[in-house]
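Please read the structure below before turning to the comments.
Nothing in this text is a laboratory measurement; each read-out follows from the coordinates by a stated rule. All of these numbers come straight from a predicted model, not from anything done at the bench. When we count neighbours, we look across all protein chains shown, and the Cβ atoms used for this are built from the backbone with ideal geometry, even at glycine.
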Amino acid sequence: MSSPQEILHDIFGYSAFRGEQRAIVEHVAAGGDALVLMPTGGGKSLCYQIPALLRRGVGIVVSPLIALMQDQVDALRQLGVKAAFLNSSLDADTARAVFGQLMRGELDLLYVAPERLLAAGFLNALEQVQDGPGLALFAIDEAHCVSQWGHDFRPEYRELTVLHERFPAVPRIALTATADAPTRREIVERLALEQARQFVSSFDRPNIRYRVTQKANARQQLQAFLEAEHANDAGIVYCLSRNKVEETAAWLKEKGWDALPYHAGLDAATRNANQKRFLREEGVIMVATVAFGMGIDKPNVRFVAHLDLPKSMEGYYQETGRAGRDGLPANAWMTYGLGDVVSMRQMLASGDASEERKRLELRKLDALLGYCESTACRHQAILRYFGEEHPGSCGQCDNCLEPIETWNATQAAQMALSCVYRTGQRFGVGHLIDVLLGKATAKIEQFRHAQLSTFGIGKELGQAQWSSIYRQLVAAGLLNVDMEAYGGLRLTEEARPVLRGETEVWLRRDAEPAKRKTSKAERGSRLREAFAGANDDPLWQALKAKRLELAREQGVPPYVIFHDSTLLEILQRRPESLAEMSQISGVGQAKLARYGDEFLGVLRDLREAA
């Protein structure tokens, strides 16, 4: 029997596990349940693929992403893994053939949509498989879909407890790339994973450079960003409305960019065709609403740009996380203005959600605004939101590279924090500002807050300034937004030295957008630097051309052949034999046999030409 390390090397072509991958693989392979929280690009798939190959029987992977199952299966087949999928995109004959493979024990992994899995006939068939070839495990991908408070809620996910009820001896592994503490608890409860071991990896994406800029002329700003850093790269541009998606895609196309629209209002054939082009061609820009993206496993998305404010930090983190999955440098660029805040608040207020849900969404929006206004390291702010500490400044986000002008807001911060404390640490920003400004509202009268020492002490500042101060204090970690208590603010331990006068607080002073200077790091092509001139190297272009040729012959995305990171290592190490090629990360035995000579031929031709 093979070991996890042997499978990792021989099949997937990697020499070492990353982070907690080994511990997760060994735990699930031994029959244990697991909840895995790991950032996009962190290697979640290996956490269930390797145990499925180690254990007897077939691994069943539950995924809501019908459109992407084909590419996931194609990638596994390239590695010599017996994989298939069952969903509504298959014709009856193909579906019957796959079902026959399942029943005969001819598959290592089977991807299914939750609706298909929950059908009574399919569950009965799985019982037969368990008694025959065997069930290796159940993998529940995108597990945050179970949460009614999450941004990708899928009601059918809540019925997946049937797996534990009908197959108690089959290990389950639930995986997600983003989940705050309340969502994590809901995943455990709804999927009956109370006894599962939790593996929480760092949510940091150090290869992503985060940048937030004041909105002036968003389209012109986007064009300048693309021209400076992403002339021939694949990327995603997110917009809030369908109309803006269509208009932005058309405008980019007029400017010479290979841009496509994607939103729920397009017919299915157009959406599928555009998604297929994005996944299988180089240098395509997808302009989309949030209807596009979950589960996108294209590793060489070099940038994600937001022309409008996302709904929450969770949404922003997940959307930006679609960049740089291959670990190479990528950009997360966003422009926002007051209009975005107004539009988002109006959209949330006019929705059909319950008042409780609306309050929660508004608090999440406030947390995102605090992030936008923060002067602190962007990586630190994101990780703090998810309950994780960052060891130090990243040295590469906009705030680290080009510090914002700040002002000594210690006295104002003390007023704001004191008001939180004296009102009982359970009220939202609006009420706290009313207290500071001395407004005699009905709510203030109800709770007798006009008698507090903080009532009316903040009249020298306006409501907008106090709102910005509170958001920045949240972003700085001096206040927490209690998502389970209607967004009331609570002091953190970091607030105590501020209240005692032991620590100063400096907050951002926003400059006019036109006055902001572009840093040298922004003007230069960071990707070009990171690739050490690869884009100008004829060998790099030849390697990419060979990859694209092989991908088109087989009708698969280029990254299914080799990731950019693998090509970059080939470029740098220039192997001269199959033995040397086998040492390249991402070149397993199946790909070595299938493509080794092809790429060695490219290297040989370039050497001879030189």
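Shown in residue order for region 438-449 are the 3J(HN,Hα) couplings computed by the Karplus curve 6.51 cos²θ - 1.76 cosθ + 1.60 at θ = phi - 60°: x, 7, 8, 7, 4, 5, 5, 5, 4, 9, 6, 7 Hz (x for Gly and Pro). Applying 1/(1 + (r/R0)^6) with R0 = 51 Å to the Cβ-Cβ distance of Glu227 and Glu6 gives a FRET efficiency near 0.60.
Each of Trp466, Trp506, Trp407, Trp333 has some number of other Cβ atoms within 10 Å of its Cβ, and from fewest to most they run Trp407, Trp506, Trp466, Trp333.
Taking every alpha-carbon pair under 8 Å whose residues sit at least 6 apart, the chain reaches a relative contact order of 14 percent. Coupling constants for region 78-93 follow from the phi torsions by the Karplus curve (6.51 cos²θ - 1.76 cosθ + 1.60, θ = phi - 60°), and in residue order they are 4, 8, x, 8, 7, 10, 7, 9, 10, 7, 5, 7, 7, 6, 4, 5 Hz; glycine and proline get x. For the residue pairs Lys44/Lys82; Lys44/Lys364; Lys276/Lys591; Lys311/Lys439; Lys215/Lys311, alpha carbon separations beyond 21 Å are given by Lys44/Lys364; Lys276/Lys591; Lys311/Lys439.
Neighbour counts of C-beta atoms inside 10 Å place Tyr470, Tyr385 in the sequence Tyr385, Tyr470, starting with the fewest.
Radius of gyration over Kirkwood radius for region 555-610, both on Cα atoms: the Rg/Rh ratio is 0.95. With both labels modelled 7 Å from their Cα along Cα-to-Cβ, the Arg574 to Glu246 distance reads 5.3 nm. 3J(HN,Hα) couplings calculated from phi for region 232-248 with the Karplus curve 6.51 cos²θ - 1.76 cosθ + 1.60 (θ = phi - 60°) are, in sequence order, 10, 9, 7, x, 10, 10, 9, 10, 6, 10, 5, 4, 5, 4, 4, 5, 5 Hz; Gly and Pro show x. With everything on Cα atoms, drop me the angle between helix 538-554 and the longest principal axis of the chain, reported from 0 to 90° to the nearest 10. Helix 538-554 sits at roughly 70 degrees to that axis.
Relative contact order for region 406-509: what percent, with Cα pairs under 8 Å and sequence separation of 6 or more? Answer for region 406-509 is 40 percent.
Taking only the alpha-carbon positions of region 257-364 and ignoring solvent, what does the Debye formula give for the base-10 log of I(q)/I(0) at q = 0.14, 0.19, 0.24 Å⁻¹? Values returned for q = 0.14, 0.19, 0.24 Å⁻¹ are -0.66, -1.07, -1.35.
You can think of it this way: the chain between Asn217 and Arg77 has 45.8 nm of extra reach, that is 0.36 nm per residue less the Cα-Cα gap. If you take all other residues with their beta carbon under 11 Å from the beta carbon of Ala52, and give Lys and Arg +1 and Asp and Glu -1, the sum is +2.
In this label model, Arg104 and Glu389 are separated by 5.8 nm, measuring between points 7 Å along each Cα→Cβ vector. Report the label-to-label distance for Ser89 and Lys255 in nanometres (one decimal), using points 7 Å from each Cα along the Cα→Cβ vector. A separation of 3.1 nm, rounded to one decimal place. Ordering His379, His563 from the fewest to the most neighbouring beta carbons within 10 Å gives His563, His379.
Of all stretches in the chain that contain no GluC sites (Glu not before Pro) in a DSSP loop with at most 14 other Cβ atoms within 10 Å, the longest one is 195-387. Between the alpha-carbon centres of region 148-223 and region 287-337 there is a gap of 15 Å. Taken over region 1-126, the alpha-carbon convex hull comes to 119 cubic angstrom per residue. For mean projected area of the Cα convex hull in nm², computed directly from the structure shown, the correct entry in [x] 33.2; [y] 31.2; [z] 29.4 is [z].
Its Cα centre serving as origin, the chain has a Cβ charge dipole (Lys and Arg +1, Asp and Glu -1) of approximately 1040 debye.
What percent does the relative contact order of region 224-315 come to when contacts are Cα pairs within less than 8 Å and at least six residues apart? Provide the component values of the computation, followed by the final result.
On the way: 131 pairs, mean separation 41.1, N = 92.
Relative CO of region 224-315 lands at 45 percent.
Relative to the longest principal axis of the Cα atoms of the chain, the long axis of helix 564-573 lies at roughly 70 degrees. Once backbone amide H atoms are built at 1.01 Å from N, Gly337 has Lys215 as its partners under 5 Å, excluding neighbours fewer than 5 places away on the same chain. Straightening the chain between Arg158 and Leu401 buys 83.0 nm, computed as 0.36 nm per residue apart minus the Cα-Cα spacing. By the rule of a C-alpha distance below 15 Å, with chain neighbours fewer than 8 residues away ignored, the aspartates and glutamates paired with Lys253 are Glu227, Asp233. In degrees between 0 and 90, to the nearest 10, how far off the longest principal axis of the chain does helix 44-54 point, with axes built from Cα atoms? Value to nearest ten degrees: 40.
Work out, step by step, the length gained on full extension between Arg490 and Gln541: first 0.36 nm times the residue separation, then minus their alpha carbon distance; give nm to one decimal.
12.9 nm
Entry note, the chain: the mean residue ellipticity at 222 nm calculated from DSSP H runs of n ≥ 4, each adding -39500 (n - 2.57), is -13500 deg cm²/dmol after division by the residues and rounding to the nearest 500.
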